[in-house]
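Worksheet for the structure shown next.
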Amino acid sequence: MGRLSGQVAWVTGGGSGIGRAAALALGSEGAHVVVSGRRRAELDETVSLMEASGSAGCAMPVDVSDMAQVTRVAAEITESIGPVTVLACCAGINVPGRFWDRLKLDDYRSVVQVNLDGVVGAVHAVLPGMRERGAGTIVVVSSWAGREFLPIAGMAYGASKAALSPLVESINCEEGRKGIRATLLMPGEVATPILMTRPVPPLPDDFAWMLQPEDMGDLVRYIAVAPARMCLGEILVGPTWNRIYIGADDMKVGAR
């Protein structure tokens with residue numbers, strides 16, 4: 001029996017990286033975890049890992065950029081499993097051609113639709129149920145690039161992540177009195193597949209110094225099990241050996 005026993009957690013972007021780690025961590029606390037994302041095979045792998053560790057979970061594929069799909073899956077979760085008590089928005093993308101001289105408008109729209117609109121759709125879908133119960137925890141994974149301008153992130157990624165700060169604060173402002181709390185999680189470099197979409201990916205040796213997905217998963221778990229009176233509004237976390245501070249060559253715009 002874990003501290004989230006009897007609760008339902010919904011993790012978007014649950015097929016890999018931070019989302020997968022969050023699903024495993026929430027499952028270890030007894031939550032029934034629903035993982036969503038676009039690739040069914042990766043979601044099924046996450047569920048298999050959960051089951052192997054004794055956790056309960058299932059996969060419900062969804063493209064978070066499609067708000068109608070998100071709304072439909074949220075309703076299906078409530079009807080077939082139970083109301084969502086923990087939402088972890090971990091889906092995020094970037095594109096290699098992220099600088100102005102290479103950026104395609106279709107790519108810009110895709111990044112914003114996943115990184116920003118995908119969060120809006122999921123939060124909008126679960127808030128009514130959380131209000132009805134008078135409780136709920138929402139974790140929104142942003143980025144260090146959402147806190148300050150990082151040239152390597154590109155305009156679309158940085159702008160979409162920066163917009164998540166007022167989004168999360170609005171939840172706490174409007175819904176906190178109803179027992180709902182939201183956290184903006186802003187990690188620096190995490191050793192996940194999204195780093196390979198950079199124009200110049202980090203060197204293999206650099207990944208060992210970065211935050212690991214399980215570090216973020218454990219942080220999501222703590223946010224979810226923290227006392228109901230506690231709202232962790234924003235968390236900025238980076239590796240001790242922080243390449244953002246050091247100024248690694250591959251993180252500069254000219255490294256392409």
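The values are calculated or read from the model by the stated rules, or taken from the named source; none is laboratory data. Remember, it's a predicted structure, so these values are computed and weren't measured experimentally. In this analysis, Cβ positions are derived from the backbone assuming ideal geometry, glycine residues included, and neighbour counts consider all displayed protein chains. Heads up: the accessible areas ignore ligands, DNA and RNA and are worked out on the full protein's heavy atoms, side chains in. Shrake-Rupley method; radii C 1.70, N 1.55, O 1.52, S 1.80 Å.
Applying a 10 Å radius around every beta-carbon, put 25-31, 187-193, 175-181 in order of their mean neighbour count, most first. Numbers along the way, then the final one.
Values: 25-31: 24.9, 187-193: 19.9, 175-181: 16.6.
The peptides rank, most packed first, as 25-31, 187-193, 175-181.
Heavy atoms only, probe 1.4 Å: what % of the accessible area of the chain goes to carbon and sulfur, would you let me know?
C and S atoms contribute 55 percent here.
Report the far tail of the P(r) of the chain, meaning the percent of Cα-Cα pairs longer than 23 Å.
Details: 15471 of 32640 pairs.
So the portion of pairs separated by more than 23 Å is 47 percent.
By the scheme Lys and Arg +1, Asp and Glu -1, what is the net charge of all other residues having a beta-carbon under 11 Å from that of Arg20?
-3
State the extension gain, in nm to one decimal, for the chain segment bounded by Trp241 and Gln212, taking 0.36 nm per residue of separation less the distance between their alpha-carbons. Working shown, then result.
Details: separation 29, 0.36 × 29 = 10.44 nm, distance 1.28 nm.
The span from Trp241 to Gln212 would gain 9.2 nm if fully extended.
When Lys and Arg each count +1 and Asp and Glu each count -1, what net charge do the other residues less than 11 Å away from Gln113, Cβ to Cβ, add up to? Show your work: numbers first, answer last.
On the way: positive: Arg109; negative: Asp63, Asp66, Asp106, Asp107, Asp117.
So the environment of Gln113 carries a net charge of -4.
For Glu234, enumerate residues with amide H under 5 Å from its amide H, sequence gap 5+ or separate chain, H modeled in the peptide plane.
Leu184
How large is ³J(HN,Hα) for each residue in region 188-194, as worked out from phi by the Karplus curve 6.51 cos²θ - 1.76 cosθ + 1.60 (θ = phi - 60°), to whole Hz, x for Gly and Pro?
x, 5, 10, 6, 10, x, 4
Under the Karplus relation 6.51 cos²θ - 1.76 cosθ + 1.60, θ = phi - 60°, what is the ordered set of whole-Hz ³J(HN,Hα) values for region 64-71, x standing for Gly and Pro?
Each residue's phi maps through the Karplus curve to give 5, 6, 9, 5, 5, 4, 4, 4 Hz.
What is the angle, in °, between the Cα long axis of helix 17-28 and the longest principal axis of the Cα atoms in the chain? Nearest 10 is fine, range 0 to 90.
Between the helix axis and the principal axis of the chain, the angle is about 30 degrees.
With unit charges on the beta carbons (Lys and Arg positive, Asp and Glu negative) and the dipole taken about the Cα centre of region 25-115, which residue among Cys90, Ala75, Gln113 sits farthest to the positive side?
Gln113
With axes computed from alpha carbons, what is the tilt in degrees of helix 164-175 against the longest principal axis of the chain, rounded to the nearest 10 within 0 to 90?
The two axes meet at around 20 degrees.
Which value, in Å², gives the accessible area per residue of the chain when a 1.4 Å probe is used on the protein heavy atoms? Before the final figure, lay out each step's value.
Details: 11620 Å² over 256 residues.
Result: 45 Å² of accessible area for each residue.
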